[in-house]
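All remarks here apply to the structure that follows.
The values are calculated or read from the model by the stated rules, or taken from the named source; none is laboratory data. Worth saying up front: this structure is predicted, and the values here are computed from it rather than measured. Here the Cβ is made from the backbone with ideal geometry for all residues, glycine too, and neighbour counts use every protein chain on show. Heavy atoms of the whole protein, side chains included, go into the accessibility calculation; ligands, DNA and RNA do not. Shrake-Rupley method; radii C 1.70, N 1.55, O 1.52, S 1.80 Å.
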Amino acid sequence: MDDRFSYRNLILWQRAQELAHDVIQVTKRLPNSWSSAVIARQIIASVTSIGANIAEGHGRFTFAAYRNHLSIARGSTAETDSWLDLLYREGLLEKDEEQRLHQRCRQLLGMLTTKINVLDAENSRNKNSLRETSAEYTVDPPVDPTLLFDENDYSP
């Protein structure tokens, strides 16, 4: 099976995973306190949800289901950004690091919005259509994804 069109090759998913890694590294530096533990748990849940929902949505068969997971990922990105702001306000994150991570959240929000809009447009054109046909459920499915992403969305 050709993995070119795996969610792992999506630039969007890769950026989400990179953000998750960086945020987890930030939480490892937090002081050992009850409030830091609560914030760490919340921000790790939200930041890891981004990539997980992109991957899960990529595995769905309808435009609406995929769009829903991207919408959840978008909400988790906004939540992550909010937690980063709180970490900064509490003096647990330096301004330059908060700004760098905030910019990455904004970039993900933009990318997710673009993909959601593409899916909305495609869903309007193909109301209630499946992304794949039943013929694609074979041992070696075709490698061409049906219009959800184009080749520029995947890394080489």
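For the reader, a short list of remarks on this structure follows.
- Of the criteria (1) at pLDDT below 95; (2) β-branched (Val, Ile, Thr); (3) under 16 Å from Arg104 (Cα atoms), which one Thr48 fails: (1)
- Out of Asn68, Asn32, sole residue that is in a loop (DSSP other than H, G, I, E, B) and open to solvent by 60 Å² or more (accessible area, probe 1.4 Å): Asn32
- Residue pairs whose Cβ atoms lie under 6 Å apart, separated by 6 or more positions or on different chains, with the first residue in segment 56-70 and under 13 Å from Ala121 (Cβ atoms) and the second surrounded by 16 or more Cβ atoms within 10 Å (Cβ to Cβ) and of a type in the set (Val, Ile, Thr), are Arg67/Ile116.
- Flag if Leu10 is in contact with a His (Cβ under 8 Å, 6 or more places away or on another chain) and modelled with pLDDT under 95: yes
- In the condition set (1) touching a residue at least 24 places away in the same chain (Cβ under 8 Å); (2) over 14 Å from the mean Cα position of the chain (by Cα), Ser46 is compliant with all but (2).
- Unique residue being outside any helix (DSSP H, G or I), in contact with a Lys or Arg (Cβ under 8 Å, 6 or more places away or on another chain) and modelled with pLDDT under 95 when the list is Arg60, Arg4: Arg60
- Residue that is modelled with the lowest pLDDT, among those in segment 112-128 that are open to solvent by 60 Å² or more (accessible area, probe 1.4 Å) and over 21 Å from Gly75 (Cβ atoms): Asn128
- Selection from segment 1-29 of residues that are touching a helix residue (DSSP H, G or I) at 6+ places or on another chain (Cβ under 7 Å), open to solvent by 30 Å² or more (accessible area, probe 1.4 Å), of a type outside the set (Val, Ile, Thr) and in contact (Cβ under 8 Å) with a residue 40 or more places away in the chain: Tyr7, Trp13, Arg15, Asp22
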